[in-house]
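Structure provided below as structure tokens; questions to follow.
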Amino acid sequence: MRHVHAFGDDALGDLDAVGLVEELRAGRVSPGELVEAAIARTEAVNPALNGLAYQAFDRARAEAAQPPKPGFFSGVPTFVKDNVEVAGMPTMHGTDAWLPTPARADSDFARLYLATGLAPLGKTQMSEFGFSASAEHPRLGPVRNPWNTDYTAGASSSGSGAFVAAGVVPIAHANDGGGSIRIPASCNGLVGLKPSRGRLPVDGELRRLPVGIVANGVVSRSVRDTAAFYREAERVRRHRHLPPIGDVRHPARQRLKIAVITRSVQRECSAEVRDLTLKSAALLEELGHRVEHVENPPVPSTFIADFVLYWSLLSLLQVRTGRHFFGASFDRTRLDNLTLGLYRHAGRNLHRMPRVIMRLRAMRRRTAQFFETYDAVLTPTLADRPPLIGHLDPTADYQQIMDRLIDWVAFTPLQNVTGEPAMSLPLAQSADGLPVGMMLSADLGQEARLLELGYELEEARPWARIQV
């Protein structure tokens, strides 16, 4: 199918969020015009993409009619992923296993996100509880890739990725517990930075996990939008124990020593993705960086099994506490096979969890040693191009889904465990024109380094544009 996008000659144009801020400050557009354009764009593409979980258009219109809120992005429309509480909006976590009720208050992260001035139009769709790398709910329907709707938009931040790529809004909330910022960024041709652990607040029970694998962030179409968001977020809440990101606007002059890895602990990536990764490595060499090819990542053979078991612990918590957190209408029989399969896997293996947690915590020591030698690491974001809708069907046999997920999502979980930052950049495309992300990771607290590299690569190899 042809590209699905909403770019056009309206108030949003093809500007990124920083560009819209400039237009607003110059008085060439108004917040109301931006909101109306974003609503029209949502309505134009959502029938094909299915990225909308909840619409709050009247609220956005009312807020746009009020005096401007404080915050750098004041007046810029956005969406929030449907697993963060925003007052007045329901939070359904990508499922329909209970009756929706509006949240009574903003969560910690929502307060920070909205304090930057971003104006939410509603919530975006995701895979159930964020467990799958493709949102294909049996009743809510799949979220489709705007570059080709036969393919997945990635997950779990799937609706955010699809809408930003399609031009509905320039920037949207995403979060990442195993790659869920970086995966949709890769599939949809976007910039997706998973920050260091603790850089941005997480909500509720996630703060009490023994290994804090989940991080909030955004997906955007430009490095400068992502950099501006982290600058503004840091002005709202600065982490006391991490180096500040600051105001990153340009590449750095420093040349780096960069490791290039095309094999995960699970597998070598596909031949096409390996070739695209090596071309990205060659670009880094052309830019003057010292690139070294490393055969294997600093990851033990137990890593995948350990991560899956720990991941399944999240399902156990959701299913067992469902009535407490989601209300008396919670019905576990409406959950998909992946969620229930993870739940059963955790239940059968709880006795192994203490040792698994110990090994996962030890991963940071391994990667810290690796970063004593290298300034950054380049890998593909994913081991292969985006799969067709249906490849990760959550109603299929649990083991089939898990085998396919492990095969595809081979590179992203490591930084969730170590807490290090990692960023997917839309540096490549498959032979048939689907985006293929390249991932850069760095030591804990080094988001500024990744953003500087991102600026440099964006200038050297501008991203493909869906509207061309």
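For residues in the range 236-280 being open to solvent by 60 Å² or more (accessible area, probe 1.4 Å), touching a residue at least 24 places away in the same chain (Cβ under 8 Å) and basic (Lys, Arg), which is nearest to Asn216 (Cα to Cα)?
Checking each candidate, the answer is Arg237.
Can you pull out the helices (runs of 4 or more DSSP H) entirely within the range 376-464 that have at least 3 residues that are surrounded by 24 or more Cβ atoms within 10 Å (Cβ to Cβ) and not aliphatic (A, V, I, L, M)? Can you show your working first?
Working: elements: 398-408, 413-418, 447-460.
So the answer is 413-418.
Residues that are in contact with a Phe, Trp or Tyr (Cβ under 9 Å, 6 or more places away or on another chain): find the helices (runs of 4 or more DSSP H) completely inside the range 244-346 holding 3 or more of those. Break it down into steps so the answer makes sense when it comes.
Values: elements: 271-286, 303-320, 322-326.
Answer list for the range 244-346: 303-320, 322-326.
Let me ask another. Which one of the conditions (1) in contact with a helix residue (DSSP H, G or I) (Cβ under 8 Å, 6 or more places away or on another chain); (2) closer than 19 Å to Leu206 by Cα; (3) modelled with pLDDT under 95 does Pro300 fail to meet, given that it meets all the rest?
Answer for Pro300: the failing condition is (2).
Which ones in the range 20-55 are small (Gly, Ala, Ser) and touching a residue at least 24 places away in the same chain (Cβ under 8 Å)? Don't jump to the end; show me each part of the working.
If we filter the range 20-55 for residues that are small (Gly, Ala, Ser), which is where we start, we get 26-27, 30, 32, 37-38, 40, 44, 48, 51, 53.
Passing the criteria: Ser30, Gly32, Ala37, Ala38, Ala40, Ala44, Ala48, Gly51, Ala53.
Right, next: Kindly check whether there is at least one residue in the range 174-188 that is part of a helix (DSSP H, G or I), among the charged types (D, E, K, R), buried (at least 24 other Cβ atoms within 10 Å of the Cβ) and at pLDDT 95 or above. Step through it out loud before you land on a result.
Step one: list which residues in the range 174-188 are part of a helix (DSSP H, G or I), which gives 182-188.
Then drop every residue that is not among the charged types (D, E, K, R), which leaves 182.
Still in the list and also buried (at least 24 other Cβ atoms within 10 Å of the Cβ): 182.
Narrowing further to those that are at pLDDT 95 or above: 182.
So far as the range 174-188 goes, yes, one or more of its residues are part of a helix (DSSP H, G or I), among the charged types (D, E, K, R), buried (at least 24 other Cβ atoms within 10 Å of the Cβ) and at pLDDT 95 or above.
Starting from residues that are assigned to a helix (DSSP H, G or I) and open to solvent by 10 Å² or more (accessible area, probe 1.4 Å), keep the ones in the range 219-235 and report whichever is nearest to Ser160 (Cα to Cα). Walk me through how you get there before you give the answer.
Restricting attention to the range 219-235, the residues satisfying the condition of being assigned to a helix (DSSP H, G or I) are 223-235.
Remaining after also requiring open to solvent by 10 Å² or more (accessible area, probe 1.4 Å): 224, 231-232, 234-235.
Working: Arg224: 18, Arg231: 21, Glu232: 20, Glu234: 22, Arg235: 24 Å.
Filtering first and then ranking leaves Arg224.
Only one residue in Arg237, Arg221 is within 20 Å of the chain's Cα centre (by Cα) and among the basic types (Lys, Arg), so which one is that? Before you say what the answer is, go through the steps one by one.
Working: Arg237 fails: within 20 Å of the chain's Cα centre (by Cα).
Going through Arg237, Arg221 in turn, the sole match is Arg221.
Considering only residues that are assigned to a loop (DSSP other than H, G, I, E, B), closer than 12 Å to Met92 by Cα and open to solvent by 10 Å² or more (accessible area, probe 1.4 Å), which ones fall in the range 122-138?
Step one: filter the range 122-138 for residues assigned to a loop (DSSP other than H, G, I, E, B), giving 125-127, 131-135, 138.
If we keep only those that are closer than 12 Å to Met92 by Cα as well, we get 125-127.
Passing the criteria: only Gln125.
Also: Give me the residue from the range 96-109 that is in contact with a strand residue (DSSP E or B) (Cβ under 7 Å, 6 or more places away or on another chain) and not in a strand (DSSP E or B) and, out of that set, surrounded by the fewest Cβ atoms within 10 Å (Cβ to Cβ). Quick ask: steps written out before the conclusion?
Filtering the range 96-109 down to residues in contact with a strand residue (DSSP E or B) (Cβ under 7 Å, 6 or more places away or on another chain) leaves 100-106, 109.
Checking the rest, the ones that are also not in a strand (DSSP E or B) come to 100-101, 104-106, 109.
Details: Pro100: 16, Thr101: 12, Arg104: 8, Ala105: 10, Asp106: 20, Phe109: 23.
Only one residue fits best here, namely Arg104.
The values are calculated or read from the model by the stated rules, or taken from the named source; none is laboratory data. Small disclaimer: the values here were computed from a predicted structure and weren't measured. Note that each Cβ is placed from the backbone with ideal geometry, even for glycine, and that neighbours are counted across all protein chains shown. Only protein heavy atoms, including side chains, enter the accessible area calculation; ligands, DNA and RNA are left aside. Shrake-Rupley method; radii C 1.70, N 1.55, O 1.52, S 1.80 Å.
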